[in-house]
Amino acid sequence: MPKKILIVDDEPFNLDLLEQELCEQDYEIERANDGVEALEKVPTFEPDVILLDYMMPKMNGLEVVRRLKQEEKYRGIPVILLTAKASQEDKIRGLDAGADDYVVKPFDSFELLARVRSMLRIKQLHDSLDEWNRNLNEKVNQQVTEIERMGRLKRYLSPQIAEVILKSDDDALFKTHRREITVVFLDLRGFTAFSDSAEPEEVIDLLRSYHAEMGTLIFKFEGTVEHFAGDGVMVFFNDPIPCDDHTEKAVRMASEMRARVKEIRAGWLKKGYELDLGVGVARGYATLGNIGFEGRRDYGAVGNVTNLAARLCDEAKGGQILISQRALASVEALVEVEPIGELSLKGFHRAVPAYNVLALKS
């Protein structure tokens, strides 16, 4: 593509002379008869270099240069001032106004063409830097967007899963769908009485440390956090990233949570906090996807399995992990359990068999 030169002079003879010299170099030429016309042609012609007469009616060359350099998108266009005024003062004025070079008329053809080529090299360098900056800005924006997405995902996903989702091209990961999952509900026995009697600062401090301990284990086993509500936490497995052993992961996580709470419970008891962990685990089908409204969305699960896990958690005594029959069938080789009979659970028409997980088999 030929380089484009805008030549500006109020004397037609000078324009003809310039055009003749430049056309022999295969440049694309556009003419302007004064400064006003030059400014009108710059946006459409988009010149690579401007050859600009110093002295013109309506608007002189200095004013044209000043106006061009005020516009961000035109600052990179090199301007060579052409003038019969050869004084040092005039040169300084032109360069201060923003001109990039200065040629005295009558000009030497070889010198003029050499200066044009020099300005074209400067323009090419400027355009390359512009493109590099644009690419850099795009990359920075992409990285910022990815960091923001990662932050949002980590609200309910472990870091490992969040990274998998960010790298995935599958836009359907968070669309509403149905899948079999394992749900774990946990909360603290005695928390209501504790929060009624303790100072608000004590309650907040305890919850902060409790959530931190449970959150570490949720991330370790790559669970998806559905919500934290006071002492209650709901986690599910096998979505949005499928895994074959989701019930095993859920039970192992619950077992480690029970062991960790047993350790920190000693400190609670010293402070007079009568608290212990109860857990409910259930396996079944649920509908999953984004829940909420514009500006505030969460990723959640809806279905009978979530209600069952919550009700089992309600029935669990301190230190118990109550598991449903369907979930137990998936991990019988892994756990030692004791049947606790059939439970009449709120929202369920029939009694539900439940089992207490005593330990993991060695």
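Observations on the model:
- Taking every residue in region 178-200 that is at positive phi and assigned by TED's automatic domain parsing to the domain that holds ALA282 and pairing it with any residue that is outside any strand (DSSP E or B) and not β-branched (Val, Ile, Thr), at least 6 positions away or on another chain, the pairs with Cβ-Cβ distances below 7 Å are GLY190/GLU274; GLY190/LEU275.
- Qualifying position, being within 22 Å of ILE122 (Cα to Cα) and not aliphatic (A, V, I, L, M), among PRO78, PRO57: PRO78
- Here is the figure for region 246-270: residues that are touching a helix residue (DSSP H, G or I) at 6+ places or on another chain (Cβ under 8 Å) and closer than 16 Å to PHE194 by Cβ total 3.
- Residue count for region 101-139, restricted to those that are surrounded by 13 or more Cβ atoms within 10 Å (Cβ to Cβ) and farther than 22 Å from ASP26 by Cβ: 3
- Condition met for LEU358 (under 38 Å from the mean Cα position of the chain (by Cα), assigned to a strand (DSSP E or B) and modelled with pLDDT of 95 or more): no
- Selected residue (only one of LEU82, LEU68 is assigned to a helix (DSSP H, G or I), crowded, with 17+ Cβ neighbours inside 10 Å and touching a helix residue (DSSP H, G or I) at 6+ places or on another chain (Cβ under 9 Å)): LEU68
- Selection status of PHE13, modelled with pLDDT of 85 or more and either on the phi > 0 side of the Ramachandran plot or surrounded by fewer than 16 Cβ atoms within 10 Å (Cβ to Cβ) (or both): yes
- Whenever a residue of region 335-357 is in the same structural domain as ILE323 (by TED's automatic domain parsing) and at negative phi, its partners that are part of a loop (DSSP other than H, G, I, E, B) and among the hydroxyl-bearing types (Ser, Thr, Tyr), lying with C-beta atoms within less than 9 angstrom and at least six residues away or across chains, give the pairs ARG350/SER344; ALA351/SER344; VAL352/SER344.
- Hey, GLU180 modelled with pLDDT under 95, among the acidic types (Asp, Glu) and part of a strand (DSSP E or B) or not: no
- Residues of region 275-296 that turn out to be buried (at least 16 other Cβ atoms within 10 Å of the Cβ) and among the acidic types (Asp, Glu), as a count: 1
- Residues (of a type outside the set (Lys, Arg), surrounded by fewer than 21 Cβ atoms within 10 Å (Cβ to Cβ) and touching a residue at least 40 places away in the same chain (Cβ under 8 Å)) located in region 240-274: ILE241, PRO242, GLU248, SER255, ILE264, TRP268, TYR273, GLU274
- Among residues of region 44-54, those that are within 19 Å of HIS126 (Cα to Cα) and either of a type in the set (Lys, Arg) or touching a Leu at 6+ places or on another chain (Cβ under 7 Å) (or both), counted: 6
- Against the test of being at pLDDT below 85 and among the aliphatic types (A, V, I, L, M), the options VAL140, VAL116 yield a single qualifying residue, VAL140.
- The residue of region 215-236 that is modelled with the highest pLDDT, among those that are surrounded by fewer than 22 Cβ atoms within 10 Å (Cβ to Cβ) and over 25 Å from the mean Cα position of the chain (by Cα), is LEU217.
- Among the candidates LYS91, LYS73, LYS58, residue that is of a type in the set (Lys, Arg), free of Cβ contacts under 8 Å to residues at least 60 places away in the same chain, out of contact with any Leu (no Cβ under 7 Å at 6 or more places or on another chain) and not in a helix (DSSP H, G or I): LYS58
The values are calculated or read from the model by the stated rules, or taken from the named source; none is laboratory data. Every value quoted in this text rests on a predicted model; they were computed, and no experiment measured them. No Cβ is skipped: glycine too gets one built from the backbone with ideal geometry, and neighbour counts run over all protein chains shown.
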